[in-house]
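Structure below; questions to follow.
Quick note: the coordinates plus some simple rules give every number you see, no bench work behind them. What you are looking at is a predicted structure, and each value in this text was computed from that prediction instead of being measured. When we count neighbours, we look across all protein chains shown, and the Cβ atoms used for this are built from the backbone with ideal geometry, even at glycine.
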Amino acid sequence: MPAPFTFVPIAGAWTPTIDDGQPTMTADGTKPSSGSPHPLIGQLFGADAETFVKRTTGPEAFPLVVVRETPAFKSGRLAMQFKLIGGKSDQLAGLVFNLKPDGTYNFARYNTKDGNVAIWQVVNGKREVLAHGEVHRQLALGQWHDLVVNIDGAKVTAAADNGAMTVAHTLPAPVDGRIGLWTKADSVTAFRALTATAK
């Protein structure tokens, strides 16, 4: 992943790696988190850190890393590349936005089970789909693919596979929160080239 982003692991087993000469972050959802909460969580979320940890960690928590340098991404373009490596039920890659100190957040994801892009929310550790894209394609494992999220206030549009798969949804309130990377338990996914361009 290019500088200046610092990735703070919240839940799951995340490992910095190199792929094709580029820095990556690889999440192995088949493994438990490394242990105690990351020391930077207190710095990122202050007085809300205890609540944040309670709602985003634990045995059933979704693998999640947070970007340290973007405390309030509101509007603009988020983009990253992902490689689907493994997973018993399906393979999945997600881009997190609107992450709040109370542990609520949204994410856009591609997965092989549905074969589409969708927008979700997580509240109190429980996820709920907000919108499913209508185009379905099976992206190849072991290859790099793109996922882009455009945010304009409360309107969110996500696209993968060079725009071939899209989904749009309008949230109840404008986006304003941290960003990060996400996958699900049992998925193994590599991420690289995350960019955040505010407008």
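Could you give the dipole magnitude of the chain about its Cα centre, charging the beta-carbon of Lys and Arg +1 and that of Asp and Glu -1, in debye to the nearest 20?
It comes to approximately 140 debye.
Please work out the ratio of the alpha-carbon Rg of the chain to 2.2 N^0.38 Å and round it to two decimals.
That ratio works out to 0.93.
Report, by chain and number, residues whose modeled amide H sits under 5 Å from the one on Gly29, excluding near sequence neighbours (fewer than 5 apart, same chain).
It is Asp186, Ser187, Val188, Thr189, by chain and number.
Given a Förster distance of 25 angstrom, what is the FRET efficiency for Ala79 paired with Ala13, based on the Cβ-Cβ distance and rounded to 0.05?
About 0.55, to the nearest 0.05.
How much net charge surrounds Ala168 when only other residues with a Cβ under 13 Å from its Cβ are counted (Lys, Arg +1; Asp, Glu -1)?
Details: positive: Lys155; negative: Glu134, Asp152.
Around Ala168, the charge tally is -1.
Between His132 and Ala154, 0.36 nm times their residue separation minus their Cα-Cα distance comes to what? Can you show the working numbers first?
Values: separation 22, 0.36 × 22 = 7.92 nm, distance 1.71 nm.
Here the answer is 6.2 nm.
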